Amino acid sequence: MNNQISSYEEKHHVNYYECNSNEEVNLSMVLELINLASQNHGETLNQTNKAVQKIGVTWVVVQYYMEIKRLPKIKEDIILKTESTSYNKYFADRKFWIKDENRNDLVVIDSLWVTMDMETRKMVKIPPEVVLPFRGEEVKRIPKLPKIKRKDENINELKKSYHIRFSDIDWNGHVNNANYIEWMVDVLPFTTLKEYVPTKVNIKFEDEVKYGNDILSSAQIVQENDIYLKTHHEITINGHNHSVADLEWGKR
């Protein structure tokens, strides 16, 4: 690992509107918070979204893998930390931490990123000028994140449809990544969300969702007992997968 790697952290006070009825940060808000840290990290290195897009590309996340010891609570003071750890020609790895005020890990996240051509919307080689400022380690192979299993056709599905609104679109021109996890979780029963708390999230983004699309969010309860729950989720358009995820939950 490059000892000169660029890291960034900032303090954050958890607001009531970032939390759910359990008085803890929404799972979708976890992604919002780490994306905030990522963008602020880029600004310290003159790598703003606009600066990157001026050369015709934008960063796009492919996958998040998170381990949750506990979700931050309302009015809690936390620390958001991020590092761009390694990269090769096509992929970059970035790590995130959400810590309590004593610097104990609450959420640890690994993520995989690519650069996309703004006009063709296709993945391209990462331009050196957008990755070198972060001083990550150049490697031949990026460590792989855990695979996500496809749904079991023998398990019943919970389903909801959503229409993509203007407010769902981010600065890249496609749906904000946090929305995917919000749609996925929203399919589950209210009692399930009150009784269980997420402990692991593995989500992969396979294709863009754009303004005006109608998406179907489906969920399967793969395994359930008194202390553990495992769910599988898919976001599809006309049967085509745009995002898939496996979630693990613990009983409160």
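The values are calculated or read from the model by the stated rules, or taken from the named source; none is laboratory data. For clarity, every value in this text was computed on a predicted model and none was experimentally measured. Reconstructed Cβ throughout: ideal geometry from the backbone, glycine too, with neighbour counts over all protein chains shown.
List pairs: first residue in the stretch 149-175 and free of Cβ contacts under 8 Å to residues at least 40 places away in the same chain, second residue of a type in the set (Val, Ile, Thr) and in a loop (DSSP other than H, G, I, E, B) anywhere in the structure, Cβ distance under 7 angstrom, at least six positions apart or on different chains.
HIS174/VAL209; VAL175/ILE164; VAL175/VAL209
Considering only residues of the stretch 106-117 that are surrounded by 16 or more Cβ atoms within 10 Å (Cβ to Cβ) and of a type outside the set (Val, Ile, Thr), which is farthest from GLU9 (Cα to Cα)?
The selected residue is MET116.
Among the listed residues GLU119, GLU67, which satisfies the condition of being in the same structural domain as LEU36 (by TED's automatic domain parsing) and assigned to a loop (DSSP other than H, G, I, E, B)?
GLU119
Scan the stretch 74-94 and report the pairs whose first residue is part of a strand (DSSP E or B) and whose second residue is among the acidic types (Asp, Glu) and surrounded by 20 or more Cβ atoms within 10 Å (Cβ to Cβ), with Cβ atoms within less than 6 Å and a gap of 6+ or a chain change.
Qualifying pairs under 6 Å: THR85/ASP93; SER86/ASP93.
Against the conditions (1) crowded, with 16+ Cβ neighbours inside 10 Å; (2) without any contact (Cβ under 8 Å) to a residue 60 or more places away in the chain, where does TYR8 fall short? Just the number, please.
The one condition TYR8 does not meet is (2).
LYS200 - would you say it is over 28 Å from SER38 (Cβ atoms), part of a strand (DSSP E or B) and of a type in the set (Lys, Arg)?
The answer is no for LYS200.
For the stretch 140-170, how many residues are among the hydrophobic types (A, V, I, L, M, F, W, C) and not in a loop (DSSP other than H, G, I, E, B)?
3
Being in contact with a Phe, Trp or Tyr (Cβ under 9 Å, 6 or more places away or on another chain), among the basic types (Lys, Arg) and under 20 Å from VAL30 (Cβ atoms) is true for just one of LYS194, LYS204. Which residue is that?
Within the list LYS194, LYS204, the selection yields LYS204.
Any idea which of ARG150, ARG121, ARG94, ARG103 is buried (at least 18 other Cβ atoms within 10 Å of the Cβ) and of a type in the set (Lys, Arg)?
ARG94
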